[in-house]
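Taking it in order: structure first as structure tokens, then the write-up.
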Amino acid sequence: MKSESRLEKVFTAGRFAVTCELGPPQSSNPETIKKKAEYCLGKVDGVNITDNQTAIVRMSSIAAGVIAMSCGLEPIMQMVCRDRNRIAMQSDILGAAGLGIKNILCLSGDHQKFGNHPEAKNVFDIDSTQLIAMVKRMRDDKQFLSGDRIKDHEPKLFIGAVANPFADPFEFRVMRLAKKIEAGADFIQTQCIFDIDRFGEWMKLVVKAGLHKKVYILAGLTPVRSHRALQYMKNEVAGMSIPDELIKRMESSKDAKEEGVKICLEMIEKVKKMEGVAGIHLMPIGWESITPVILERAGLLPRTEV
Amino acid sequence: MLYTENKPIDEILESLGDEKNIFLLACDGCADVCETGGQKALLEVKAELEKAGKNISGTALVDFLCNKILVATRLAREAESLQKADSVLALTCGIGVQAVAKVVDKVVHPAANTVSLGGLHGLWPAEELCQACGQCVLDYTGGICPIAFCAKHLLNGPCGGSQDGKCEVDKDTDCAWQLIYDRLKSLDKLDSLARIIEAKDWQQSTSVEQRKIKFTKAML
């Protein structure tokens, strides 16, 4: 085992993994996290704690991760390259591991233009691929990026990265995934899947390149409550592909919430059948209470201990 | 004035790789003043490459390599030797490399790093930009600069926000990495994107380095 991560154990045991997203509050209130934690406690193998998602200031992913951990959950700490340089990042990696965090998800990060501080200067000292390589170097080579030795207690983190099969250039997306794996990614979380055909096409290329044998892939899924949510994502969120039929289906449904759940359940069934998919990552944006419902109906509960 | 410093010859040779026939193009503007371009540097680099077993298919000296019209006019006279070349080595600043890459259908390797943009410059408007990061990667990115044109200065490919060729930050702006991908595809050099570019040494960038430039009389 590369780490002491429960998620790694689930993957290596060959179980279909389930993780979900937990967004920290725009305040210092720990109760918000505890409330969201209740919905997923005992039902997922890890909770992904976002790092100032869409560049909106929130409680730090380390702090929120530690609070989630106190509730009995295993956090996956997100770290983006937008806000910190390599010194601050390595310092926070040591701190996070020191506090008991065992998983990290490395991303470039949304541009600050989309957040509530568009005036900010971004950092991007290193990019997501370089961040992955840096964490691996700290863990496996016991070295900082500078080459200086970590004398003891190297951070034993299970390393995650993201992939977006819906961004362009499409043909480059598999090559970019291969680079992230070469840099040291142990698992991959994809962008929200609505365009299942394009996801299937991408997975075929991933399997053809043999990448599914080198990394565990979590298919990202987002249940939605209304067709407006889909329309918003289609028009406003970068790197999304949302088929019109899906919007029409939600719009014409008498019970949109139930339709949203059904669509998500159908997606789970479809990705489970795809070669190379090792689990799902649920991102019920603003609808955390639906997580246990979906997992129950999908037959993914109870989560057995590993 | 764009201040440049020579890349080490070993780095240039590594970048040229298996390419045997090289066309040398030197700038006689700012780069001449910095001794990274001009006739003298051109002859020195030619000798170094020949020593390393390369064949120089042709050479040209152009007043300002950042001016695409001047470059195209001058290279029209070198069509044959340019045709024979596997690639072009440009003895110029980052803007010069980008301008040459827009004119020729070959990989254009930078022979220098641009370290500062101090003093008077900008004689004509152009879309090529250089941020003087001091570690030029334009050969790897097909002559399109990810430091200047990518909103996140990414070095290992486009972020997840690149869609339909546009940048997530501004739908009217091309995604730099889409341009890089298209350019390398047209040159049949997509393989070069598989290489992981390591964390950059920002000590070489303009914000740090320009204070340390040693001005010679010829420069001022």
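Among the residues of region B:140-152, are any within 8 Å of the chain's Cα centre (by Cα) and under 28 Å from residue B:173 (Cβ atoms)? Yes, region B:140-152 contains a residue that is within 8 Å of the chain's Cα centre (by Cα) and under 28 Å from residue B:173 (Cβ atoms).
When region B:122-158 is filtered for residues that are within 14 Å of chain A (Cβ to nearest Cβ), hydrophobic (A, V, I, L, M, F, W, C), part of a loop (DSSP other than H, G, I, E, B) and closer than 19 Å to residue B:185 by Cβ, the ones remaining, listed by number, are B:137, B:144, B:150, B:154, B:155. Within region A:24-39, the set of residues being in contact with a helix residue (DSSP H, G or I) (Cβ under 6 Å, 6 or more places away or on another chain) and surrounded by fewer than 24 Cβ atoms within 10 Å (Cβ to Cβ) comprises A:25, A:30, A:37, A:39.
Condition first: of a type outside the set (A, V, I, L, M), at negative phi and surrounded by fewer than 17 Cβ atoms within 10 Å (Cβ to Cβ). Now tell me which residues in region B:42-67 satisfy that. Matches in region B:42-67: B:44, B:48, B:50, B:51, B:55, B:63.
Determine whether region A:126-135 contains at least one residue that is out of contact with any His (no Cβ under 6 Å at 6 or more places or on another chain), within 9 Å of chain B (Cβ to nearest Cβ) and in a loop (DSSP other than H, G, I, E, B). So far as region A:126-135 goes, yes, one or more of its residues are out of contact with any His (no Cβ under 6 Å at 6 or more places or on another chain), within 9 Å of chain B (Cβ to nearest Cβ) and in a loop (DSSP other than H, G, I, E, B).
With the checklist (1) in contact (Cβ under 8 Å) with a residue 60 or more places away in the chain; (2) away from chain A (no Cβ under 11 Å) in hand, flag the one item residue B:202 doesn't pass. Failed condition: (2).
Yes/no matrix, rows are residues, columns are (1) modelled with pLDDT under 95; (2) of a type in the set (D, E, K, R); (3) buried (at least 21 other Cβ atoms within 10 Å of the Cβ):
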residue	(1), (2), (3)
B:157	no, no, yes
B:161	yes, no, yes
B:170	yes, yes, no
B:174	no, yes, no
B:177	no, no, yes
B:183	no, yes, no
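Within the set A:169, A:165, A:223, the sole residue that is within 14 Å of chain B (Cβ to nearest Cβ) and within 21 Å of residue A:273 (Cα to Cα) turns out to be A:165. Applying the criterion of at least 2 residues that are surrounded by fewer than 13 Cβ atoms within 10 Å (Cβ to Cβ) to the helices (runs of 4 or more DSSP H) found wholly in region A:228-306 leaves A:244-252, A:256-273.
Of the residues screened, residue A:159 is one that is outside any helix (DSSP H, G or I), away from chain B (no Cβ under 13 Å) and either buried (at least 24 other Cβ atoms within 10 Å of the Cβ) or on the phi > 0 side of the Ramachandran plot (or both). Checked against the criteria, residue A:186 counts as more than 14 Å from chain B (Cβ to nearest Cβ), under 16 Å from the mean Cα position of the chain (by Cα) and among the charged types (D, E, K, R).
Touching a Cys at 6+ places or on another chain (Cβ under 7 Å), of a type in the set (Val, Ile, Thr) and free of Cβ contacts under 8 Å to residues at least 60 places away in the same chain: does that describe residue B:173? Here the answer is yes, as residue B:173 does meet what is asked. Where helices (runs of 4 or more DSSP H) fall wholly inside region B:1-65, the ranges with 3 or more residues that are free of Cβ contacts under 8 Å to residues at least 24 places away in the same chain are B:9-16, B:38-51. One residue alone among A:142, A:180 is surrounded by fewer than 24 Cβ atoms within 10 Å (Cβ to Cβ) and either touching a Ser or Thr at 6+ places or on another chain (Cβ under 7 Å) or not β-branched (Val, Ile, Thr) (or both), and that residue is A:142. Filtered by the rule that a residue be within 18 Å of the chain's Cα centre (by Cα), under 21 Å from residue B:74 (Cα atoms) and hydrophobic (A, V, I, L, M, F, W, C), region B:34-57 gives B:41, B:42, B:45. In the set (1) touching a strand residue (DSSP E or B) at 6+ places or on another chain (Cβ under 7 Å); (2) more than 10 Å from chain B (Cβ to nearest Cβ), the condition left unmet by residue A:181 is number (1).
Among the candidates B:193, B:179, single out the residue that is outside any loop (DSSP other than H, G, I, E, B), within 18 Å of the chain's Cα centre (by Cα) and facing chain A (nearest Cβ under 8 Å). Let's see the steps before the verdict.
On the way: B:179 fails: facing chain A (nearest Cβ under 8 Å).
The match here is B:193.
Residue by residue, here is whether (1) in contact with a strand residue (DSSP E or B) (Cβ under 8 Å, 6 or more places away or on another chain); (2) farther than 20 Å from residue B:175 by Cα; (3) free of Cβ contacts under 8 Å to residues at least 60 places away in the same chain holds:
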| residue | (1), (2), (3) |
| --- | --- |
| A:104 | yes, yes, yes |
| A:117 | no, yes, no |
| A:122 | no, no, yes |
| A:130 | no, yes, yes |
| A:133 | no, yes, yes |
| A:140 | no, yes, no |
| A:148 | no, yes, yes |
| A:153 | no, yes, yes |
| A:160 | yes, yes, no |
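Restricted to region A:1-118, the set of helices (runs of 4 or more DSSP H) holding at least 3 residues that are small (Gly, Ala, Ser) comprises A:61-70, A:86-98.
Checking the structure you have, find out if any residue of region A:290-304 is over 30 Å from residue A:207 (Cβ atoms) and in contact with a strand residue (DSSP E or B) (Cβ under 9 Å, 6 or more places away or on another chain). Yes, that holds for at least one residue.
The values are calculated or read from the model by the stated rules, or taken from the named source; none is laboratory data. What you see is a predicted model, and the numbers here were worked out from it, not measured in a lab. No Cβ is skipped: glycine too gets one built from the backbone with ideal geometry, and neighbour counts run over all protein chains shown.
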